[in-house]
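The block underneath contains the structure these notes are about, expressed in structure tokens.
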Amino acid sequence: QPPLPPPQEDRGFKGRINSGRLGNTWQKSALTADGFFLPTKMAAPLTLLLIVAVTIRAVLFRSSLAELIPERVEVVSPLNAWKRGSGIFMMSSYLFQTPLIIYFFHFVSDYAEIVFMMADALTAVALYLAVKDYNKTVFRKQKYALEAERYPLDCLELIRTPKEMYYIPLKVAMFYLLNPFTILSCVAKSTCGLNNAVIALFILCTVKGSSLMSAIFLALATYQSIYPLTLFAPALLYLLQRLYIPVNWQRSSFWLFTTQYTFMYLGSLCVMVCLSFFLLSSWDFLSSVYGFILSVPDLTPNIGLFWYFFAEMFEHFRLFFICVFQINVFFYTIPLSIKLKEHPIFLIFMQIAIISIFKSYPTVGDIALYMAFLPAWNHLYRFLRNIFLVSVVLLACSTLFPVLWHLWIYAGSANSNFYYAITLLFNVAQILLVSDYFYAYLRREHHLTHGLYLKRKDGSEATLVLK
């Protein structure tokens, strides 16, 4: 009989990668993350995007829509609407704005249009740089996991390639700058754009690993609207990861860094509050600003969940349900931080989305910020279950908002129930969108650990259920 052929060498996971569809990409790049994210290659498209975005805003500022958009309750709220009159800067929500923002606009009110356009551009650039740096980190972690053969053999198609990740930062900036919600918020001169810029700078400093600047910008965001307090946990988790400090209650290094970051955050917040006191020589702004946010005295219709509910509420039940509604924003922080402690950037996305849905006075500008992150999770599309339905509902609701408002306020052929119904549907769609991304993210991580094609003990195909 002829001799048996020599046994084939098992190339393992690395061999399969080099010979598979990912082979060329990983071979040519030599697994170097920096080569795929050179800032010089993306400077021209980003500059062009900024020019287009600023041009659109400048044209709208000079159009007749500049007078109409600031009157839309979907775009502005009592907390962020403003106007100029008789040459003197004044905010329509003057009593409800923080002293620092009032003092800031006292000097730049003549250049308000430029300020708001620059705020949007700054937000987009900060998000671009943050996502670019985050993608580098993700790529390196994936590279080390591949070299250590930690992934199952059947999950190659879930691995993100540099080619797929290259344009994500530009898409994130595009999703923010060209989002109609962002454009409307800018033309309405809503201070929500400034809040988004502060949060974007906080995210950038956190991703870059600057603990001090991260704490300062987080304190500034909290000073403006309280709710960004929930971003403290994901920022701390990411900085701990970056310093290779495990989340262990018994480790002194964990408590040391946590204490340092907390001190920087609270110290910055105290400085801002004290500076506000020195500007006004009074503590009245605490009740005027933060008391207004928490007690919800103004029930002007908006895209939130508070106004209609409390307009129909008996007064003696009001305090209880205000506590329930407000706690709802902060309630999800602890369970989500436990579940996503290894993925703090996705946790930041989740928290920003929760804030924009459940805050007392939301506007479309708040929604635009978390929607800008959707291109960063494009690798989750295959696991999304309701993305088409949710997208259609969001588009339909966005179109119906002005229609039902006109029927209610001007035509008189509808009432507040119609407008609140579409508001409720809009928020349900947002909740479905966020929960769908949450499910998709957890499912992908589960497949990267246990394999893509799961089997039961009897050999039949298993179904993954989120609990």
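Key figures
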read-out: Residues located in region 94-111, provided they are surrounded by fewer than 16 Cβ atoms within 10 Å (Cβ to Cβ) and either more than 22 Å from L269 (Cβ to Cβ) or in contact with a strand residue (DSSP E or B) (Cβ under 7 Å, 6 or more places away or on another chain) (or both); value: Y94, H106, F107, V108, D110, Y111
read-out: Check on M213, open to solvent by 10 Å² or more (accessible area, probe 1.4 Å) and either over 26 Å from Y441 (Cβ atoms) or not acidic (D, E) (or both); value: yes
read-out: Scope region 154-176; condition among the hydrophobic types (A, V, I, L, M, F, W, C) and either open to solvent by 90 Å² or more (accessible area, probe 1.4 Å) or under 30 Å from N195 (Cβ atoms) (or both); matching residues; value: M165, I168, L170, V172, A173, M174, F175
read-out: Residue pairs meeting the criteria (Cβ under 6 Å; at least 6 apart or on separate chains; first farther than 17 Å from Y103 by Cα, in region 261-282; second open to solvent by 30 Å² or more (accessible area, probe 1.4 Å) and in a helix (DSSP H, G or I)); value: M264/L212; S268/I216
read-out: Spans of helices (runs of 4 or more DSSP H) in region 160-256 with at least 1 residues in contact (Cβ under 8 Å) with a residue 12 or more places away in the chain and under 18 Å from the mean Cα position of the chain (by Cα); value: 168-177, 180-187, 192-208, 211-225, 232-242
read-out: Failed condition for L299, given (1) assigned to a helix (DSSP H, G or I); (2) open to solvent by 50 Å² or more (accessible area, probe 1.4 Å); value: (1)
read-out: Answer from F346, F383 - the residue that is modelled with pLDDT of 95 or more and closer than 21 Å to R160 by Cα; value: F346
read-out: Qualifying positions in region 311-357 - touching a Ser or Thr at 6+ places or on another chain (Cβ under 8 Å), within 24 Å of N417 (Cβ to Cβ) and β-branched (V, I, T); value: I322
read-out: Some residue of region 273-281 being open to solvent by 60 Å² or more (accessible area, probe 1.4 Å), out of contact with any Gly (no Cβ under 6 Å at 6 or more places or on another chain) and not in a helix (DSSP H, G or I); value: yes
read-out: Selection count, region 282-293, where residues are out of contact with any Leu (no Cβ under 9 Å at 6 or more places or on another chain) and surrounded by 15 or more Cβ atoms within 10 Å (Cβ to Cβ); value: 1
read-out: Wholly within region 314-403, helices (runs of 4 or more DSSP H) carrying at least 2 residues that are farther than 23 Å from L127 by Cβ and either open to solvent by less than 40 Å² (accessible area, probe 1.4 Å) or in contact with a strand residue (DSSP E or B) (Cβ under 7 Å, 6 or more places away or on another chain) (or both); value: 318-331
read-out: Region 436-446 - residue that is of a type outside the set (F, W, Y) and more than 17 Å from V392 (Cβ to Cβ) and, of those, surrounded by the most Cβ atoms within 10 Å (Cβ to Cβ); value: A440
read-out: Meets criteria (in a loop (DSSP other than H, G, I, E, B), more than 17 Å from I303 (Cα to Cα), free of Cβ contacts under 8 Å to residues at least 60 places away in the same chain and β-branched (V, I, T)) for V465; value: yes
read-out: Tabulated pairs, region 286-302, first on the phi > 0 side of the Ramachandran plot, second crowded, with 18+ Cβ neighbours inside 10 Å and of a type in the set (D, E), C-beta under 6 angstrom, 6+ apart or interchain; value: none
read-out: Those residues of region 450-459 which are open to solvent by 40 Å² or more (accessible area, probe 1.4 Å) and without any contact (Cβ under 8 Å) to a residue 12 or more places away in the chain, in sequence order; value: K455, R456, K457, D458, G459
read-out: Conditions (1) modelled with pLDDT of 90 or more; (2) on the phi > 0 side of the Ramachandran plot; number of the one not met by V59; value: (2)
read-out: Positions within region 406-427 being open to solvent by less than 70 Å² (accessible area, probe 1.4 Å), of a type in the set (A, V, I, L, M, F, W, C) and within 28 Å of the chain's Cα centre (by Cα), in sequence order; value: A421, I422, F426
read-out: Breaking point among (1) assigned to a helix (DSSP H, G or I); (2) at pLDDT below 90, for S413; value: (1)
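The values are calculated or read from the model by the stated rules, or taken from the named source; none is laboratory data. On a predicted model such as this, the values are computed, not experimentally measured, just so you know. Here Cβ is always computed from backbone atoms with ideal geometry, including for glycine, and neighbour counts include all displayed protein chains. These area figures cover heavy atoms from the full protein model, side chains too; ligands, DNA and RNA do not enter into them. Shrake-Rupley method; radii C 1.70, N 1.55, O 1.52, S 1.80 Å.
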